[in-house]
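Structure record follows, encoded as structure tokens.
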Amino acid sequence: MRTLKFKNNDEMPAIGLGTWKSGKGEVGKAVKIALNNGYRHIDCAATYGNEAEIGEAFSEIFSEGKIKREEVWVTSKLWNDAHKKEDVIPALKQTLKDLQLDYLDLYLIHWPVAFKRGVSFPENDEDYLSLEEVPIIETWNMMIEAKKQGLVKHIGVSNFSSMKLEELMEETDDNPELNQVELHPYLQQNDLLEFCSKHNIHLTAYSPLGSGDRIDAMKAPDEPSLLENDVIKKIARKHGATPGQVLIKWSVLRGTAVIPKSTNEGRIIENIQSMGVNLDEDDLKEIAELDRHFRYVTGEFFVTKGNSYENIFDDDDYKA
């Protein structure tokens, strides 16, 4: 398994199990299947609503003794209603309680968007807090404090453009160690990849297979399918692989981590077996031509009339 190395020499496995949209009664089984089949990286978030079930799976797996806690990289994320300085640590401690863990390997600010406390999802402008009311640096300083307290080993962000990263980095000497964003052949984000590489910020790719199981309200009419793309299917046939395996290995070869989600045992195993797929230079050149700057997760669900978050993805390398 390839890994991404941090400054202190901690290593994050390049392929992890994503848990967004994994339902109750399924996600715990998926985590156990993944860990028992070689995964050592599980990606979670408070807003997914399933961390308590994942915690039960962790407890069961670690109590068996075959896999130790310190062998598994666990990521979680701070939801948007806990950005105020007094809310960050309590939110993190709730995540730790739900996951039945003493620490996280990585904790991320989920979005550069702030809600009022207790708002799981905004219905109107009044549900938001502006970035003037809760600057990102206020939240970030508490992420640093969480690291100092030993509650997390590494800290980062998610869904940040290079512009937003730059703005944050101007206000701190303790830069984000990782940025988790949507990345796949239709949204290759080469400028963001170059920016993060230059500043020693790792990238994790979410929705690497196109997130086809999103609810219809989040989908664009006639959105393109990555798994049905003719170039991807041709490359998969060439290597005796599946289109999903090609997409996952492409992310790994770019030097990013990647977190495909599945609750299906066969696909969970298939996804990690993508490490054995050997894409060549011709394959990579063909895939490079597929970039459409097309975003599956647009952030439009945060837009209510008049709020201050109408341009979440606000620089050229991050526009839909």
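The values are calculated or read from the model by the stated rules, or taken from the named source; none is laboratory data. These numbers come from a predicted model, not from an experiment. Every residue, glycine as well, gets a Cβ built from its backbone with ideal geometry; the counts of neighbours run over all protein chains shown. Note: areas computed on protein heavy atoms with side chains; ligands, DNA, RNA excluded. Shrake-Rupley method; radii C 1.70, N 1.55, O 1.52, S 1.80 Å.
Summary of values
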item: Dipole magnitude (debye, nearest 20) for the stretch 25-83, charges at Cβ of Lys, Arg, Asp, Glu; result: 220 debye
item: Gained length - residue 293 relative to residue 198, 0.36 nm times residue gap less alpha-carbon distance; result: 32.0 nm
item: Vicinal HN-Hα couplings computed from phi for the stretch 98-115 (Karplus, 6.51 cos²θ - 1.76 cosθ + 1.60; Hz; Gly/Pro x); result: 4, 7, 6, 10, 8, 7, 10, 6, 8, 10, 10, 6, 5, 9, x, 9, 10, 10
item: Contour excess over end-to-end distance, with Cα ends at residue 233 and residue 123 and 0.36 nm allotted per residue; result: 35.5 nm
item: FRET efficiency, 1/(1 + (r/R0)^6) with R0 45 Å, evaluated for residue 26 and residue 138 via beta carbons; result: 0.80
item: Value of Rg to Rh for the stretch 1-104 (Rh from inverse mean 1/r over Cα pairs, i.e. Kirkwood); result: 0.96
item: Total charge dipole magnitude, the chain, about the Cα centre, Cβ charges on Lys, Arg, Asp, Glu only, Debye to nearest 20; result: 1240 debye
item: Spacing of the two label points (7 Å from each Cα toward its C-beta) at residue 225 and residue 97, in nm; result: 4.4 nm
item: Cα-only radius of gyration and Dmax that characterise the chain, units Å; result: 18.8, 54
item: Per-residue ³J(HN,Hα) for the stretch 8-17, Karplus 6.51 cos²θ - 1.76 cosθ + 1.60, θ = phi - 60°, Hz, x for Gly and Pro; result: 8, 6, 4, 10, 9, x, 5, 10, x, 8
item: Förster radius 22 Å - calculated FRET efficiency between residue 10 and residue 68, Cβ distance, rounded to 0.05; result: 0.90
item: Cα gyration tensor, the stretch 35-81 - rounded (a/c under 1.5), prolate or oblate; result: prolate
item: Whole-angstrom gap from the stretch 4-55 to the stretch 61-130, using each part's C-alpha centre; result: 14 Å
item: Amide H within-cut-off set for residue 114, under 5 Å, with H built and near neighbours excluded; result: 129
item: Accessible surface, 1.4 Å probe, highest first, among residues 263, 139; result: 263, 139
item: Positive-end residue of 90, 180, 35, charge dipole of the chain with Cβ unit charges; result: 35
item: Heavy-atom accessible surface of the chain: percent carbon and sulfur, 1.4 Å; result: 45 percent
